[in-house]
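Take a look at the structure set out below.
The values are calculated or read from the model by the stated rules, or taken from the named source; none is laboratory data. Since we're looking at a predicted model, the values are computed, not measured. Here the Cβ positions follow ideal geometry from the backbone for every residue, glycine too, while neighbour counts run over all protein chains shown.
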Amino acid sequence: MSHDPMEWTVRDPLEETVPDPVVRRRRMSDGRRRAIELIAVVVLVPSLLAAEWVDNRHQSRGYQTHERVTVVPRGGTGTLGHIRLRLLGRDATGSPKSDIAGAVAVKLVVQARPLDATAVKGVGTLGFTVRDQAGHVWSAFGSTDRDNAPAVGAVAQVTVTADVPAHLVSSVVLEARPGGLVASRGAAPTQVLRFAH
């Protein structure tokens, strides 16, 4: 087979192509483009916020509780279920130190009197929280004297301990709920006693 030296120098006319002409659209002016972007932001941001609000409300519906708060005047008694409760005062004899930095332990002494046999078991399951005037809530834990078991009609003393910021020790108020911190999510509202300070 012979080799033609001209074969490499002659170009095939079909290989020489010109790219198709690009059809250029007229570009939108900067002012008009920014106006469209602004309208899109003004329309989309509120609708996204509204969609997020509706979604959060829908998701939190299972966690919302209905509470009926009864304020017990200072020195008064309130009934929670079948337990009569009375705030005796603050225990100032204990150590005010807390494991949490910037917090102190506040102890509140509550007198509990079960009115029937089912309420005797309920004394140990009472849930407590403390609240300040701004609405901040802290968990509190109640403990009864192990030597004096609650009895129907007998007074039991419950010591409630909570860790709160040091500047709020004298201003927090005690709240009591039945059955621990978990409130009922049914149609009936959860009874809450708030002891005035």
Filtering the stretch 116-134 down to residues that are surrounded by 15 or more Cβ atoms within 10 Å (Cβ to Cβ), under 14 Å from Ala154 (Cα atoms) and either outside the structural domain of Val155 (by TED's automatic domain parsing) or without any contact (Cβ under 8 Å) to a residue 40 or more places away in the chain (or both) yields Ala119, Val120
Conditions: (1) exposed (fewer than 10 other Cβ atoms within 10 Å of the Cβ); (2) modelled with pLDDT of 80 or more. Asp99 meets all but one. Number of the miss? (2)
Ala149 small (Gly, Ala, Ser), under 18 Å from Thr77 (Cα atoms) and surrounded by fewer than 19 Cβ atoms within 10 Å (Cβ to Cβ): no
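Which one is modelled with the lowest pLDDT, of the residues in the stretch 151-197 that are outside any strand (DSSP E or B) and among the hydroxyl-bearing types (Ser, Thr, Tyr)?
Top of the filtered list is Ser184.
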Does the stretch 127-146 contain any residue that is at pLDDT below 90 and more than 27 Å from Leu168 (Cβ to Cβ)? yes
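Residues are listed down the side, and each one gets a yes or a no for (1) more than 60 Å from the chain's Cα centre (by Cα); (2) aromatic (Phe, Trp, Tyr); (3) at pLDDT below 70:
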| site | (1), (2), (3) |
| --- | --- |
| Glu7 | yes, no, yes |
| Arg11 | yes, no, yes |
| Asp20 | yes, no, no |
| Arg25 | no, no, no |
| Ser29 | no, no, no |
| Ala40 | no, no, no |
| Ala50 | no, no, no |
Is one or more of the residues making up the stretch 61-74 at pLDDT 85 or above and more than 22 Å from Pro189 (Cβ to Cβ)? yes
